[in-house]
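Student: This structure is in structure tokens; I'll ask about it shortly.
The values are calculated or read from the model by the stated rules, or taken from the named source; none is laboratory data. Just so we're clear, the structure is a prediction, and the values are computed from it rather than from any experiment. FYI the Cβ positions are ideal-geometry reconstructions off the backbone, even for glycines, and counts take in every protein chain you see.
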Amino acid sequence: MRRQLRVITLIAAAAAGLAGLLPAQEASKLGMVNSQDILDKSVEGRRVLAQLQAADKKYTESITRLDDQIKQLQNRLSAQRLTLTAEAAAGIQTDIQKTQTQRQRMAEDAARAMEELQARALDQLQSEIMPIIEQLRKDKGLDIIFDLGKSGVAFMSPALDLTAEVLRRYDALKAAPPAKK
């Protein structure tokens with residue numbers, strides 16, 4: 001909460017500073033985009049989100065299979081405790097511990113793989129969207145474009161929101177056939 005307040009204060013101070021630096025000139029022109037909307041609503045963003053969900057589902061299913069194996073071993077140990085030799089019970093307990101360790105490692109590996117996949121995918125999306133935002137900035141003669149998904153803006157005029165235009169241009173770019181090199 002304090003960090004958001006500090007970011008909002010810094011943004012306001014920067015905007016006020018820019019406006020103060022240009023008193024004889026026209027006030028700074030601002031624009032806003034919502035990167036989360038672009039991710040959620042663009043064709044490519046939805047494709048990336050579906051890819052991330054599919055990968056997450058695959059990892060979750062693998063971990064669930066190990067959970068089931070652990071339960072089966074624990075049930076077997078409980079059901080047969082009275083009839084098992086001490087050595088057999090210790091063997092099942094060892095199998096439980098090995099499977100739990102395997103599950104822990106798999107969960108850690110899955111979390112790391114998902115973080116890397118997400119970072120790569122979002123970096124790719126951002127690298128494709130930034131030239132569109134820059135061109136839109138030039139087209140509209142804007143000085144600053146804020147990202148609503150990251151800035152903590154409490155209020156803005158809807159006229160400043162460029163998200164729909166970025167979405168339209170990005171979808172058009174992704175729908176166009178690749179240029180021959």
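Student: Kindly list the number of the only condition in (1) modelled with pLDDT under 95; (2) in contact with a helix residue (DSSP H, G or I) (Cβ under 9 Å, 6 or more places away or on another chain); (3) acidic (D, E) that fails for E134.
Tutor: (2)
Student: Related question: If you go through the range 52-89 one residue at a time, how many are part of a helix (DSSP H, G or I) and either touching a Cys at 6+ places or on another chain (Cβ under 8 Å) or of a type outside the set (S, T, N, Q) (or both)?
Tutor: Step one: list which residues in the range 52-89 are part of a helix (DSSP H, G or I), which gives 52-80, 86-89.
Still in the running and either touching a Cys at 6+ places or on another chain (Cβ under 8 Å) or of a type outside the set (S, T, N, Q) (or both): 52, 54-59, 61, 63, 65-68, 70-71, 73, 76-77, 79, 86-89.
Residues in the range 52-89 being part of a helix (DSSP H, G or I) and either touching a Cys at 6+ places or on another chain (Cβ under 8 Å) or of a type outside the set (S, T, N, Q) (or both): 23 in total.
Residues checked against (1) on the phi < 0 side of the Ramachandran plot; (2) among the basic types (K, R); (3) touching a residue at least 24 places away in the same chain (Cβ under 8 Å):
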site	(1), (2), (3)
Q36	yes, no, yes
R47	yes, yes, no
Q53	yes, no, no
I63	yes, no, yes
Q69	yes, no, yes
Q80	yes, no, no
T85	yes, no, no
D123	yes, no, no
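Student: Return the pair list, or none, for Cβ contacts closer than 9 Å from residues in the range 132-160 that are closer than 16 Å to D37 by Cβ and small (G, A, S) to residues that are part of a helix (DSSP H, G or I) and at pLDDT 80 or above, at least 6 apart or on different chains.
Tutor: Listed pairs, sorted by first residue: G149/S35; G149/Q36; G149/D37; G149/I38; G149/L39.
Student: For the range 42-73, name all the residues that are of a type in the set (S, T, N, Q), surrounded by 15 or more Cβ atoms within 10 Å (Cβ to Cβ) and farther than 23 Å from A121 by Cα.
Tutor: Q69
Student: Right, here's the next one. Got a number for residues in the range 108-150 being over 30 Å from Q53 (Cα atoms), part of a helix (DSSP H, G or I) and touching a strand residue (DSSP E or B) at 6+ places or on another chain (Cβ under 6 Å)?
Tutor: Here the count works out to 1.
Student: A further question on this structure: Assess whether R105 counts as being assigned to a helix (DSSP H, G or I), at pLDDT below 90 and farther than 19 Å from L49 by Cα. Reasoning before the result, please.
Tutor: Details: assigned to a helix (DSSP H, G or I): yes; at pLDDT below 90: no; farther than 19 Å from L49 by Cα: yes.
So R105 does not fit the description; no.
Student: Would you confirm whether or not the range 93-115 contains a residue that is closer than 16 Å to S35 by Cα, within 22 Å of the chain's Cα centre (by Cα) and among the basic types (K, R)? Even if it seems obvious, please write down each step before you answer.
Tutor: If we filter the range 93-115 for residues that are closer than 16 Å to S35 by Cα, which is where we start, we get none.
Looking for residues that are closer than 16 Å to S35 by Cα, within 22 Å of the chain's Cα centre (by Cα) and among the basic types (K, R), one finds none in the range 93-115, hence no.
Student: So, in the range 117-131, of the ones that are of a type in the set (A, V, I, L, M, F, W, C) and loosely packed, with under 12 Cβ neighbours inside 10 Å, which residue ends up farthest from V33 (Cα to Cα)?
Tutor: Only one residue fits best here, namely A119.
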